[in-house]
Amino acid sequence: QVQLVESGGGLVQPGGSLRLSCIASGSIFHINKVAWYRQAPGKQLELVAAIIEGGSTNYIDSVKGRFTISRDDAKNTVYLQMSSLKPEDTAVYYCNAEVVTRPGSNGMEYWGKGTLVTVSS
């Protein structure tokens, strides 16, 4: 079994910064794709940023230039550095990863339980 645990959320003023972390634990052979999603109150879940196979990164337009996704495979950790935060960034942020648990097997998708980011003065 694989668990993803997010941390780093909290209350921050507009213009501030936060760094979210997501640590994967359990039976992990390799982590393929990783991503951060968010769900704002009353809105649908949306993909914020992702690192796809090959190492390319994707971002939604509203966070380009402000957010940076990165990963540390030695620590099985994914980060989301967020700066110049805006009230519209307020949401629960979820970590998502495709994990291969043993050699030769297909990757399976796992989710964390989320961490709340509130941007308010």
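The values are calculated or read from the model by the stated rules, or taken from the named source; none is laboratory data. Quantities reported herein were computed from a predicted structural model and do not represent experimental measurements. Neighbour counts run over all protein chains shown; Cβ positions are idealised from the backbone, glycine included. Remember, those area values only see protein heavy atoms, side chains included, never the ligands or the DNA or RNA. Shrake-Rupley method; radii C 1.70, N 1.55, O 1.52, S 1.80 Å.
So here's what we get for this one:
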{"read-out": "Identity of the residue in the range 44-55, over 15 Å from Met82 (Cα atoms) and in contact (Cβ under 8 Å) with a residue 12 or more places away in the chain, that ends up most open to solvent (accessible area, probe 1.4 Å)", "value": "Glu53"}
{"read-out": "Pick from the range 26-41, criterion assigned to a strand (DSSP E or B) and over 15 Å from the mean Cα position of the chain (by Cα), ranking: farthest from Ile52 (Cα to Cα)", "value": "Gly26"}
{"read-out": "The range 20-41, residues that are more than 12 Å from Val100 (Cβ to Cβ) and surrounded by 14 or more Cβ atoms within 10 Å (Cβ to Cβ)", "value": "Leu20, Ser21, Cys22, Ile23, Val34, Ala35, Trp36, Tyr37, Arg38, Gln39, Ala40"}
{"read-out": "Residues of the range 56-97 satisfying the condition of being open to solvent by less than 50 Å² (accessible area, probe 1.4 Å) and more than 15 Å from Ile23 (Cα to Cα)", "value": "Ile60, Val63, Arg66, Phe67, Met82, Ser83, Leu85, Asp89, Thr90, Ala91, Val92"}
{"read-out": "Residues that are under 16 Å from the mean Cα position of the chain (by Cα) and charged (D, E, K, R), drawn from the range 78-121", "value": "Asp89, Glu98, Glu109, Lys113"}
{"read-out": "Given (1) surrounded by 12 or more Cβ atoms within 10 Å (Cβ to Cβ); (2) touching a Phe, Trp or Tyr at 6+ places or on another chain (Cβ under 8 Å); (3) over 15 Å from Thr118 (Cα atoms), index of the condition Arg102 fails", "value": "(1)"}
